[in-house]
Amino acid sequence: MPPTLSFGLNFLHPLMMWLLLAAGGYAMYLGIKAKKVRTGTCEQRKALIPGKFAQRHYLWGSALMAVMVFGTLGGMAVTYLNNGKLFVGPHLLVGLLMTGMIAAASSLSPLMQRGNLLARKAHVGLNMGMLTLFLWQAISGMQIMNRIWINR
């Protein structure tokens, strides 16, 4: 692989993850609005229903899960291709945990559609935990990017 391509691939994963973090914030916003449609007053619900927040939240969540899985695998693949090994440390382990958390949260959708309150609370808890870890990942990822940039 040409050295410029090899070096450039290092930046694909972080760029994708920063976009994913922003999209996760938007999906959270949609989820909050979807809850308001379910639990708000009659007037609030009437104003919010045309926004189709639940359907949009479901679509954004599905896309987030797919991008996170492929982004995680892609980041690991680029690291392996460039170094011949993975660096097992907090950034990798937390990234894998986050990928599992978003998959578990997504798997609760059929139960939530049937009105299961425990599944809904677990879904919210998993996703809020994942987004919190994501903020830490953004910081540790930038530290890794800085090391790559300096050592190029």
Against the 2.2 N^0.38 Å scaling, with N counting residues, where does the chain land? I'd like the Cα-based Rg ratio to two decimal places. 1.23
How many angstrom lie between the C-alpha centres of the stretch 1-31 and the stretch 81-98? 16
10 Å Cβ shell holding at most 14 others, DSSP loop, chymotrypsin sites (Phe, Trp or Tyr not before Pro): longest site-free stretch of the chain: 12-86
Let me have the 222 nm mean residue ellipticity of the chain computed from DSSP H runs of 4+ only, each contributing -39500 (n - 2.57), with the sum over all residues rounded to the nearest 500. -29000 deg cm²/dmol
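Given the stretch 64-139, report the % of alpha carbon pairs whose separation exceeds 17 Å.
Tail of the P(r) past 17 Å holds 50 percent of the pairs.
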When the accessible area of the chain is split by element with a 1.4 Å probe, what percent falls to carbon and sulfur? 71
Most fluctuating residue given options 73, 93, 20, as computed from a GNM of the chain linking Cα atoms under 10 Å: 93
Go through 16, 145 and list them by solvent-accessible area, largest first, probe radius 1.4 Å. 16, 145
Probe of 1.4 angstrom, ligands and nucleic acids ignored: what's the accessible area per residue over the stretch 1-77, in square angstrom? 64
List the lysines whose Cα sits under 18 Å from the Cα of residue 33, skipping any in the same chain fewer than 8 residues away. 46, 52, 121
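The values are calculated or read from the model by the stated rules, or taken from the named source; none is laboratory data. Only a predicted model underlies this, so the values are computations on that prediction, with no experimental measurement involved. Here the Cβ is made from the backbone with ideal geometry for all residues, glycine too, and neighbour counts use every protein chain on show. These accessible areas exclude ligands, DNA and RNA; they are computed on the full protein's heavy atoms, side chains included. Shrake-Rupley method; radii C 1.70, N 1.55, O 1.52, S 1.80 Å.
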